[in-house]
Amino acid sequence: MTLSSPDAPDLDVIIFGGAGDLSFRKLLPALYMAHVHDKLSEHTRIIALGRQAWSRDDYLQFIREHSLAFIDSQAFDANAWQRFLQRLWYVCADVTRAEDYAALTALCNTPRQRVFYLATAPQLFSQICAHLDTAGLIDAPSRVVLEKPLGTDLESARAINQEVARHFQETQIYRIDHYLGKETVQNLMVLRFGNAIFEPLWRAPYIKSVQITVAESVGVGSRAGFYDGAGALRDMVQNHLLQLLCIVAMEPPISLDANDVRDEKLKVLRSLKKMTPADVKRDTVRGQYTAGVSDGQPVTGYLQEGQVPADSRTETFVALRTYINNARWAQVPFFLRTGKRLQQRQSEIIIEFAPQAFSVFGQNATSEPNRMVISLQPQESIQLGMMVKEPGSGMRMQPVRLGLDLQLSSDKRRAEAYERLLMDVIKGRLTHFMRRDELEAAWTWTDPILQAWQDMDDKPRPYPAGSWGPAASSALMARDGLTWFEES
Ligand code: BG6
């Protein structure tokens, strides 16, 4: 095994926040997987910046202790791991101080492509970019990856974008949303645009409703400090769920080029019905988990998590109904739902097709709507609910599911989202990253909801950990004669 790719350019991946959670849980395991599968060139280096006054050996020790648990044990190879560690460098720096960039500049003294990965709080992005520029580390081939959260509202997102744009061209900026790197999410594009049979039906009036659920069984845990200032709408809906909605709803792009795909997603975001305060009151449900049982274990409520103020009104659950005001989706409700400490980890998209206009089997015949269930995680599958004849005499119907297990459909390795997206950055592929106007359009839609919640001055509804959220979430669907998929 060579463990290096002769085709890939030599580059430096420079990670700000190199000792943070994201780095040791996701970025370094992803880079290790790229290394072990020969996707990195021989001289590619990974330079981590952190505030800890560590030597390189201290950092390597830290990574050994913290990252190994996040690497698939079947992909682990002790020799490859040793060689991977040789790629790693560590620079101790307070990234807000210009003088702390001297060591990085000294290390990056040969001309080669640089990828700056900003995995820090977004308030630091502007200073980091300015200091990198002053240090002469940014040039035309450089790329910068911006980790979410990109702002807390439209104004702060615009400010970040403006600051970063002073130092990088838009084509050098990779705004990451790791949902866009998931195999099943990318597969949605193939499902829609690679199969002739779906396109004619993929619209009103043939589709009756769309549900998008990203349910998590975990609580906020050690991220409570950050999470309390964000909440589920900012943390999950503004980015991941809206991106899923875009892929479900977009028109076929004219090509897979980054701007062609992003133009179509932008149109969806701009067509989302802007919610008035009355819409927000009627069409959104906020929840906050209380003590309960999760994965068989008793767990505390959100307000008892360390670092959460006793009177916090931060939502850990959101369900909402929205509409896309365009010709394809007129009158089709889109229901989005996400929450922490829900009954199980389950991300899925349900396309419910409209009933037949006339049934030859009579009004009383048992029938279920045709639903396409696209499961993103933990299973990766596509199922189509259909009616077939119940065996025996008579013409009674029964529901069955036509299923495709995507994990079994190929024995090729399925890379994790971060590995795939990091390789896209290295190869200069922007398709699965958000463009500036997309991000701002997503905040333009989200802001009035946040504002209305603030003005409504009521608390999120409590729901016990281990449930599917507040009862009002089911009531939101029931109003349209619908149910969440797990209730059907
Ligand atoms: C992150 C959110 O973006 O996505 C987290 O900040 C959330 O709160 C996570 O837990 C979910 O990602 P995944 O890939 O586990 O579904």
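The values are calculated or read from the model by the stated rules, or taken from the named source; none is laboratory data. Owing to the predicted nature of the structure, the values given are computational and were not obtained by experimental measurement. When we count neighbours, we look across all protein chains shown, and the Cβ atoms used for this are built from the backbone with ideal geometry, even at glycine. Surface accessibility is based on the protein's heavy atoms, side chains included, excluding ligands, DNA and RNA. Shrake-Rupley method; radii C 1.70, N 1.55, O 1.52, S 1.80 Å.
Taking I63 and the conditions (1) within 26 Å of R414 (Cβ to Cβ); (2) among the β-branched types (V, I, T); (3) in contact (Cβ under 8 Å) with a residue 40 or more places away in the chain, which numbered condition does it fall short on, given that it satisfies the others?
(3)
State all residues of segment 134-154 that are on the phi > 0 side of the Ramachandran plot and buried (at least 19 other Cβ atoms within 10 Å of the Cβ); if no residue qualifies, say none.
Of all residues in segment 134-154, those on the phi > 0 side of the Ramachandran plot come to 136, 151.
Answer for segment 134-154, where residues must be on the phi > 0 side of the Ramachandran plot and buried (at least 19 other Cβ atoms within 10 Å of the Cβ): just G151.
Look through segment 169-191, keep the residues that are under 19 Å from H131 (Cβ atoms) and surrounded by 20 or more Cβ atoms within 10 Å (Cβ to Cβ), and return whichever of them is nearest to the ligand (Cβ to nearest atom).
Among them, the one singled out is I173.
Need a quick list: strands (runs of 3 or more DSSP E) entirely within segment 231-335 having at least 3 residues that are within 16 Å of the ligand (Cβ to nearest atom). Lay out the reasoning, then the answer.
Details: elements: 284-290, 292-294, 297-299, 317-322.
Answer list for segment 231-335: 284-290.
Are any residues in segment 10-21 open to solvent by 20 Å² or more (accessible area, probe 1.4 Å) and either under 11 Å from I63 (Cα atoms) or modelled with pLDDT under 95 (or both), and if so, which ones? Please lay out each step first, then the result.
Start the filter on segment 10-21 by keeping residues that are open to solvent by 20 Å² or more (accessible area, probe 1.4 Å), which leaves 10, 17, 20-21.
Across segment 10-21, the qualifying residues are D10, G20, D21.
For segment 279-321, which positions are aliphatic (A, V, I, L, M) and farther than 17 Å from A475 by Cα? Even if it seems obvious, please write down each step before you answer.
First, the residues of segment 279-321 that are aliphatic (A, V, I, L, M): 280, 285, 291, 293, 299, 303, 308, 310, 318-320.
Within segment 279-321, A291, V293, V299, L303, V308, A310 meet the criteria.
Tally up the residues in segment 192-217 that are outside any loop (DSSP other than H, G, I, E, B), touching a strand residue (DSSP E or B) at 6+ places or on another chain (Cβ under 8 Å) and open to solvent by 20 Å² or more (accessible area, probe 1.4 Å), please.
To start, the set of residues in segment 192-217 that are outside any loop (DSSP other than H, G, I, E, B) comprises 192-193, 199-201, 207-215.
Those left that are additionally touching a strand residue (DSSP E or B) at 6+ places or on another chain (Cβ under 8 Å): 201, 207-215.
After this cut, where a residue has to be open to solvent by 20 Å² or more (accessible area, probe 1.4 Å) as well, the list is 201, 208.
Count: 2.
Can you pull out the residues in segment 336-348 that are open to solvent by less than 10 Å² (accessible area, probe 1.4 Å) and either over 17 Å from I207 (Cα atoms) or near the ligand (Cβ under 10 Å from one of its atoms) (or both)?
To start, the set of residues in segment 336-348 that are open to solvent by less than 10 Å² (accessible area, probe 1.4 Å) comprises 336-339, 342, 347.
Within segment 336-348, R337, T338, G339, L342, S347 meet the criteria.
Does V95 satisfy the criteria of being assigned to a loop (DSSP other than H, G, I, E, B) and either touching a strand residue (DSSP E or B) at 6+ places or on another chain (Cβ under 6 Å) or open to solvent by less than 40 Å² (accessible area, probe 1.4 Å) (or both)?
Details: assigned to a loop (DSSP other than H, G, I, E, B): yes; either touching a strand residue (DSSP E or B) at 6+ places or on another chain (Cβ under 6 Å) or open to solvent by less than 40 Å² (accessible area, probe 1.4 Å) (or both): yes.
Against the criterion (assigned to a loop (DSSP other than H, G, I, E, B) and either touching a strand residue (DSSP E or B) at 6+ places or on another chain (Cβ under 6 Å) or open to solvent by less than 40 Å² (accessible area, probe 1.4 Å) (or both)), V95 qualifies.
Of the conditions (1) surrounded by fewer than 21 Cβ atoms within 10 Å (Cβ to Cβ); (2) of a type in the set (V, I, T); (3) more than 26 Å from S222 (Cβ to Cβ), T44 clears all except one; give me its number.
(1)
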